[in-house]
Each structure stands twice: as C-alpha cells, then as structure tokens.
Amino acid sequence: MLKILILDIYPSDNWRLVKDTAGGYGTGNNFGTNYLGKIMNFFVGKTISMPPMSALYIYSILKQKKILVKYTKKIEQIKNISDYDFVVMPSSIIAHETEVSALKKLTNLGVKVFIIGIFANVKKEAYQMKNSFVIPGEPETFFLENDLDNLNKFFNNEGRSYFGKPFVANLDDLPFPSWDEYIKDYSLKNNFLSFNNKDAIPIVATRGCPYSCFHYCTYPLQQGRSVRFRSVNNVVNEIKHWVKLLSAKKFVFRDPVFSINRKYTVALCEEIIKQGLKIEFLIETHLNNLDDELINLLFRAGLRLIYIGVEFADNGVLKDNKRFTIEKDSQYQIIKKLEKKGIMVKSMFMLANPEDNEQTTMDTIKYSNLLPNQLVQFSVFTPYPGTPAFKQFENDIVVNKMEEFNQYNLVYKHKIFNEQLLNKYKQIAYKNFYFDIKKLYIVFKTFVSIFRK
Ligand code: SF4
C-alpha cells in the first residue's frame, strides 16, 4: 500500500506561527523581546493554533483513496522516512528557510517530495530540486484527479511539464478535512471567541476575493479574484458532521471575505438556524458587506467574533495602498451595532505603510481606540513576493530571510520608520488599547482559557 507523509514544518520560534493566514504565506506574531512583547508572544501562541487547511484536505483525499497517510509537524518523530513513498510539504513564507533546508536534506537522501501552496508557486526556483515537484495552483485537484499509482512520473521528464488546473472548480468535490485525525496529536484553538470549547474547527465556505487591495494582499494570488462557493448544503453537512463526531460547538470560517455575497450568506445562515445547530463561529469580512438585517441573522446563526480590516485612519495612506473602505462614520456605526448585538469585533490595522509618518501612525492608533471594537491587531505593511507591492519595493528589502516576512517585522526600507521607531509605536498601540480598564476583562478571560485544554 502507498504510504505518504505530510510534513508541515516550522522554525522553532517562540511565538504563534500559522501558515494558513495571509493567503497561505502565513504570519507570525512576534510582538518583540521586551517584557510586554514576551508576554504577548506566550499569550497568543497559547491561544491560537491551526494548520494549513489544504494539508488536511489532502490528508482526507488520500485517505479516501485508501492511501496510508500521516501528518506531522515533527520530522524528528519519523523514525525511517524512507518507509514513505512520498512526502507532501506545505510551503509558506514564514517557514521558508526551514522548509528549504529540510527539503535539501530529504531530496539528497532520495526522498521524493511534493511541495504544495502558493508560496512555492511564487518562489518555485527555491523549492524545485531533483527529487521535488512543486504542485501548481491549489493542490487538492492534483491529488483528486491524478492516478496515485503513477506519481513517480512527476519526478522525471514525463510529468515535469504538468500544469494542472490553478483552482478547484467545484469546492463541493472536496471531502471534509480530517480534523478528527489532526486533533489526536495537535490542538485546534482560537480562544478569543469562547472559553469553554476545546476545539475551534476551521471551515471554509468560499474561496477568492475580487477587491482592489490585491496590490499588497496575497489572498487573491492564492485563491483568485473570482469567488467560488461551496453549496449551502455541503457547508451545513460539514458543520453537522463535526458536531456529531467531535461534539464541536465552535467554528472558524477561513473565507477571505465571509459575507461577500449577501444572498449566499443569508441562505447559509438561514439553513444553520433551520437545522437548529447550536454553534458559535468567527468570520473575517469587510464592513461594506454588513447591514442591520444581516448582522441580526449572522448573530442568530451563531456569529460571536468578527475580524474586520480597518487598516489605516489616513485617507492618503488608504489611497496609496488601493484599499477600498467605507466612511469613518459608517465604520463606527456598524461596529457599534455588532457590539450591541453581542458580537465581539477585532479590528485589524496596518502600520509602517509606505505613506505613513509618525502623525498618521498616531492617528491610526487613536482611531483604533475610538472605534467600539473589543480587540485590535496591528500588523506591519509587508510587500509580499508575487504582489504588485513587491515590484515596487524589491530593491528596498532590508531583511535577509524570507522567514522575517511575518507581518510583524519591517522588511523594507521605509522613508521614516526603522525597526526601533516602529517598535515604539507598536508598543504604544497595544498598550494604549489593551491597558484600558474596559478591555482588561477580555484579556483576563482569554488568559484563563489557556489553561482549559
Ligand atoms: S478584502 Fe483586500 S485584504 Fe481582504 S482578502 Fe480581499 S484583497 Fe485581501
């Protein structure tokens, strides 16, 4: 029987590293080495954890095809890697050097490795070796459509020119990711949402984003600019499956813009309500895609935490980043409605944008505190390889490792900010927001959740 190992490796950093965020490039929450930074690294590292979803989709596809498959994050736990016919390695920017170094060792030993993920597609030259094959586009189709008894051909001339299909055409063709297998060894956590449930099940209803921020954002690069939808029944059946199998109550929707299609969102929420599913879930969306009626419906279906990208307060910075948004007053009103409804809001902001200066940065920090959101996140503008923004700044990159592109470091030469000045503002931003008596209860409850599992 064919044996395949999914090897999902990470550098040994002391903070949360997730490959599934930032359109599959991944992010790492390194809040810094000072006292507050270390506490936050520990805190976030203990409360959020999930693997790349495509790795678990592939796990399920292989299992369905009666292949012996194992997922691991720890290569050292594999006693004899040559027992496996093939290795599948998820790629990312946040673990790039670690992945490439392991890949060199494995392929030199004669192990045949398939590399999956958008980052290996963008940086193909770094991952393509004698015994490796970078799967083009979304990798699930490759394993669904190819004859798995003939995988060796991808390591010789016959299969090298395979282009496949860039995107999964019908998302309903995918089996449910094998979370039941995954949680035997690893945790699935997102403890900002609720404090009593042990597993937060990642789930996706749509893939793709048509918005103009593809200038710097990698989701459209990974998933395309047209939106693909799973059928409502397929999504609800998956929810019911995990409720039954794992007694799951908490779901984390991984769609780039969950409520991008109002009609679809309404149908999905109504079906969840109709089926009497007592679940709570988290989504990420754009404020433009929310209104009173939809907020009420989302709440009734179980929405309890929402991530929204506000990004910057200054209009010039917004325009430079080609970020479409709604008026500030409307931002306030919608967030207020969410808060009144009992839906927690995490607003996401971006610092050190090309047009930022100290004044615009302070404006963003103050704005984060004016909005009625309960949680905030400040990341750093990152010109990712493969995006138009990278072309603009590729000669100004100041870091030597791709792994430093974690959305928390300044990786390009900014006209005003350096790492030290930026760190000063990151500290001001987080202290300003979370060291506020009104927010301390959230910090405390989330801290308690660390010890629940
Ligand atoms: S709305 Fe913008 S930032 Fe969000 S996923 Fe789409 S392109 Fe990316």
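Of note:
- Filtering the stretch 40-66 to residues that are in a helix (DSSP H, G or I), at pLDDT 80 or above and among the aliphatic types (A, V, I, L, M) leaves M53, A55, L56, I58, I61, L62.
Residue-wise test of (1) at pLDDT 90 or above; (2) surrounded by fewer than 22 Cβ atoms within 10 Å (Cβ to Cβ).
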position: L305; (1), (2): yes, no
position: I308; (1), (2): yes, no
position: G316; (1), (2): no, yes
position: D329; (1), (2): no, yes
position: Q333; (1), (2): yes, yes
position: K336; (1), (2): yes, yes
position: K340; (1), (2): yes, yes
position: S347; (1), (2): yes, no
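One line per residue, one yes/no per condition, for (1) over 21 Å from the mean Cα position of the chain (by Cα); (2) under 23 Å from S212 (Cβ atoms):
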site: P354; (1), (2): yes, yes
site: F378; (1), (2): no, yes
site: Y384; (1), (2): no, yes
site: A389; (1), (2): no, yes
site: N395; (1), (2): yes, no
site: F417; (1), (2): yes, no
site: K424; (1), (2): yes, no
site: I428; (1), (2): yes, no
site: F433; (1), (2): yes, no
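- Residue that is nearest to W15 (Cα to Cα) [pool: residues in the stretch 95-105 that are hydrophobic (A, V, I, L, M, F, W, C) and in contact (Cβ under 8 Å) with a residue 40 or more places away in the chain]: A95
- Within the stretch 13-38, considering residues that are charged (D, E, K, R) and over 21 Å from C213 (Cα atoms), the one surrounded by the most Cβ atoms within 10 Å (Cβ to Cβ): R16
- Scanning the stretch 199-258 for residues that are of a type in the set (K, R), outside any loop (DSSP other than H, G, I, E, B) and surrounded by fewer than 21 Cβ atoms within 10 Å (Cβ to Cβ) turns up R228, K240, K244.
- Residue that is surrounded by the most Cβ atoms within 10 Å (Cβ to Cβ), among those in the stretch 259-294 that are over 15 Å from K341 (Cβ atoms) and within 16 Å of the ligand (Cβ to nearest atom): T265
- Where K346 falls short, out of the listed (1) of a type in the set (D, E, K, R); (2) over 17 Å from N288 (Cα atoms); (3) in contact with a strand residue (DSSP E or B) (Cβ under 6 Å, 6 or more places away or on another chain): (2)
- Residue in the stretch 275-284 that is touching a helix residue (DSSP H, G or I) at 6+ places or on another chain (Cβ under 9 Å) and assigned to a helix (DSSP H, G or I) present: no
- Where strands (runs of 3 or more DSSP E) sit wholly within the stretch 72-150, none has at least 3 residues that are more than 27 Å from F390 (Cβ to Cβ), modelled with pLDDT under 95 and touching a helix residue (DSSP H, G or I) at 6+ places or on another chain (Cβ under 9 Å).
- Hey, P220 within 13 Å of the ligand (Cβ to nearest atom) and more than 23 Å from I115 (Cβ to Cβ) or not: no
- Flag for T33 being farther than 23 Å from Y219 by Cβ and either within 19 Å of the chain's Cα centre (by Cα) or without any contact (Cβ under 8 Å) to a residue 40 or more places away in the chain (or both): yes
- Taking the criterion of being within 16 Å of the ligand (Cβ to nearest atom) and assigned to a loop (DSSP other than H, G, I, E, B), the only residue of the stretch 295-313 that qualifies is F312.
- Within the stretch 146-164, the set of residues being free of Cβ contacts under 8 Å to residues at least 60 places away in the same chain, on the phi < 0 side of the Ramachandran plot and surrounded by 11 or more Cβ atoms within 10 Å (Cβ to Cβ) comprises N146, N152, K153, F154, F155, E158, G159, R160, Y162.
- Taking the listed residues F312, F324, the one that is modelled with pLDDT under 95, in the same structural domain as F405 (by TED's automatic domain parsing) and touching a Cys at 6+ places or on another chain (Cβ under 8 Å) is F324, with no other qualifying.
- Within the stretch 186-202, the presence of a residue that is within 16 Å of the ligand (Cβ to nearest atom) and hydrophobic (A, V, I, L, M, F, W, C) is excluded.
The values are calculated or read from the model by the stated rules, or taken from the named source; none is laboratory data. Please read all numbers here as calculations on a predicted model, not as lab measurements. Positions of Cβ are backbone-derived with ideal geometry, glycine not excepted, and every protein chain shown enters the neighbour counts.
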